[in-house]
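Contents: one structure, followed by commentary.
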Amino acid sequence: MIMIIQTYGMVLVKALGQTVLLTVLSLVFAMIIGMIFGLMNVGHNRILNFIGTVYVDAIRGVPLIVLAYFIYFGVPQGIQQMGFTSFKLEPLMAGTITLSLNCGAYMAEIIRAGIQSVDRGQMEAGRSLGLSYSAGMALIVVPQAIRTMIPSIINQFIITLKDTSILSAIGFPELTNVGKTIMGNTFKNLQAWAVVAIMYMIVIITLSKVSKRIERRINRGR
Amino acid sequence: MADSRNLDSSDVSAQNKISVRNLKKNFGPLEVIKDISLEVTEGEVVVLIGPSGSGKSTFLRCLNQLETVTSGQIIIDGHDVTDKHTDINKVRENIGMVFQHFNLFNHLSVLKNMTLAPVHLKTLSKEAAKQKAFELLERVGLADKAEAYPSQLSGGQKQRVAIARALEMNPDIMLFDEPTSALDPEMVGEVLAVMKELAKEGMTMVVVTHEIGFAREVASRVIFMEGGYIVEQGTPEEVLDHPKEARTIDFLSKVL
């Protein structure tokens, strides 16, 4: 194990950096996607509800690795066949799209549930004062919904961080992928995967601790 | 001829704060309001009583369009709120509403609860809104609660803040939807006192309540509703003490 850390320490840290980069990029886009589709599902416009439901159902119905293959191998071929023969997706790009779409669907559900957990009377009180629907959402409903959403959102962050490992399948040089390389080079399977596992654990436990602290701070204001 | 008739009808709505014509409201197959017409003049305090499920609250919520109507017309201050082209948000600024469950914004202090709408809608500057909020809190006896959060208040205090919040928009009509029904008995009085004060100052009010004593003391008109219709209306004395309709008599015998 010492030998692996000595030889591959820098490589592993760099890989962890790639994992974190992919996670952060995906989370940013997932939040945007989640907000849009979550709000679409909360409103009373049937067409928007339908689009939102189709998106969430489609993503939930496809295993992540299949989605990754579809976006990395499938979509570029489709676009090439349409005449853009030089079109290519980098693994980072494909990985970010895959994880954003995946995490975005779950985020949409978290946001929808959070908003619907706020009593209807809150919006009605806002409207009765003359506020528009969007002002009521932005100033009254969403700030209250966020409180209930934060634990689930952080949980989803952690799941997404772990899901990056699946993108080793499309050759993205994240932590799991590098773990495979080290295993191949050294045949020290036990030690290699122990190091990789511990590295994931350190990041995730840190994230959990931070989330607990945030949760506590929010609840204090209640 | 047609012109003069139009003029007449607009004259009527100019005098009246609220003018409701042949209002109907269905929830799916359920007819909650079957046919209601009502005129409320400036400064009138109209109290709606009746058994639960009679459509009182729904009627009240139609007035500021928290419920859309199935058919009929509602004219508030000369604005037809049932018309899709009316800017309903603008009309609502002049109609305060107080809810059974207070509906204070739980994430905001009392002061922020009150200043949120006027500041956002720019009817008052931040400073003016703050000052007005303090004046109103003084009036409802809660000057020391400006920085408190709703969860730190009793039911009666919450409802008084809710009334103050509605008044902060300087409305000329106030709607009350069972404002004391969710309160412990010992807190009913403090809320009714604030409402009485408002009535005395000439506020146009429509109140749904089970407080017959309040109706008797404050109402300029009492309306008894049942089954989606107005069954009987008149002065408190007429309706509460000398009801003519059998259903009114029956209802009053149960609540008095």
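The values are calculated or read from the model by the stated rules, or taken from the named source; none is laboratory data. Remember, predicted model here, so these are calculated numbers, not experimental data. Cβ: placed from backbone, ideal geometry, glycine included. Neighbour counts: every protein chain shown. Side chains are part of the model used for accessible areas, which takes the heavy atoms of the whole protein and leaves out ligands, DNA and RNA. Shrake-Rupley method; radii C 1.70, N 1.55, O 1.52, S 1.80 Å.
Which condition does B:ILE49 not pass, out of (1) away from chain A (no Cβ under 14 Å); (2) surrounded by fewer than 22 Cβ atoms within 10 Å (Cβ to Cβ); (3) under 30 Å from B:SER253 (Cα atoms), if it passes all the others?
B:ILE49 satisfies every listed condition except (2).
Return the residues of segment B:146-178 that are open to solvent by 30 Å² or more (accessible area, probe 1.4 Å) and at the interface with chain A (Cβ under 10 Å from one of its Cβ atoms); say none if nothing qualifies.
Residues satisfying the conditions are B:TYR149, B:SER151.
Failed condition for A:GLY130, given (1) more than 14 Å from chain B (Cβ to nearest Cβ); (2) on the phi > 0 side of the Ramachandran plot, with all others met?
Failed condition: (1).
Restricting to segment A:142-164, name every residue that is open to solvent by 10 Å² or more (accessible area, probe 1.4 Å), under 30 Å from B:LEU167 (Cα atoms) and more than 7 Å from every other protein chain (Cβ to nearest Cβ).
A:VAL142, A:ILE146, A:ARG147, listed by residue number.
For segment B:111-123, give me each residue that is open to solvent by 50 Å² or more (accessible area, probe 1.4 Å) and touching a residue at least 12 places away in the same chain (Cβ under 8 Å).
The answer is B:THR123, and nothing else.
So is A:PHE87 more than 30 Å from A:MET10 (Cβ to Cβ), in contact with a Pro (Cβ under 6 Å, 6 or more places away or on another chain) and of a type outside the set (Gly, Ala, Ser) or not?
Values: more than 30 Å from A:MET10 (Cβ to Cβ): yes; in contact with a Pro (Cβ under 6 Å, 6 or more places away or on another chain): yes; of a type outside the set (Gly, Ala, Ser): yes.
Judged against the criteria, A:PHE87 is a match.
Could you tell me which of the residues B:LEU108, B:LEU66, B:LEU104 is more than 28 Å from B:LEU240 (Cα to Cα), touching a residue at least 60 places away in the same chain (Cβ under 8 Å) and touching a helix residue (DSSP H, G or I) at 6+ places or on another chain (Cβ under 9 Å)? Spell out how you get there, then give the answer.
On the way: B:LEU108 fails: touching a residue at least 60 places away in the same chain (Cβ under 8 Å); B:LEU66 fails: touching a residue at least 60 places away in the same chain (Cβ under 8 Å).
After ruling out the rest, the residue left standing is B:LEU104.
Mind listing whichever residues of segment A:189-222 are more than 25 Å from the chain's Cα centre (by Cα) and at pLDDT below 90?
Result: A:ARG220, A:GLY221, A:ARG222.
Give the residue that is surrounded by the most Cβ atoms within 10 Å (Cβ to Cβ), with candidates limited to residues of segment B:81-93 that are more than 18 Å from the chain's Cα centre (by Cα) and away from every other protein chain (no Cβ under 14 Å).
Within segment B:81-93, the match that is surrounded by the most Cβ atoms within 10 Å (Cβ to Cβ) is B:ASP83.
Inside segment B:167-256, counting only helices (runs of 4 or more DSSP H) that do not spill past its ends, which hold 3 or more residues that are touching a residue at least 60 places away in the same chain (Cβ under 8 Å)? Break it down into steps so the answer makes sense when it comes.
On the way: elements: B:185-200, B:212-218, B:246-255.
Correct list: B:212-218.
Tally up the residues in segment B:94-108 that are buried (at least 20 other Cβ atoms within 10 Å of the Cβ) and either farther than 22 Å from B:SER57 by Cβ or among the polar types (S, T, N, Q) (or both), please.
Initial filter on segment B:94-108 (buried (at least 20 other Cβ atoms within 10 Å of the Cβ)): B:95-99, B:102-105, B:107.
Now narrow it down to the ones that are either farther than 22 Å from B:SER57 by Cβ or among the polar types (S, T, N, Q) (or both): B:103, B:107.
Looking only at that region, the number is 2.
Based on this model, can you work out whether A:LEU139 counts as of a type outside the set (Ser, Thr, Tyr) and outside any helix (DSSP H, G or I)?
no
If I go through segment B:207-218 residue by residue, how many of them are open to solvent by less than 10 Å² (accessible area, probe 1.4 Å) and hydrophobic (A, V, I, L, M, F, W, C)? Reasoning before the result, please.
Taking segment B:207-218 and keeping what is open to solvent by less than 10 Å² (accessible area, probe 1.4 Å), we get B:207-209, B:214-215.
Narrowing further to those that are hydrophobic (A, V, I, L, M, F, W, C): B:207-208, B:214-215.
Going through segment B:207-218 one residue at a time, the tally reaches 4.
Take the conditions more than 13 Å from every other protein chain (Cβ to nearest Cβ) and either open to solvent by 20 Å² or more (accessible area, probe 1.4 Å) or at pLDDT below 95 (or both) and apply them to B:MET187. Does it pass?
In short, yes.
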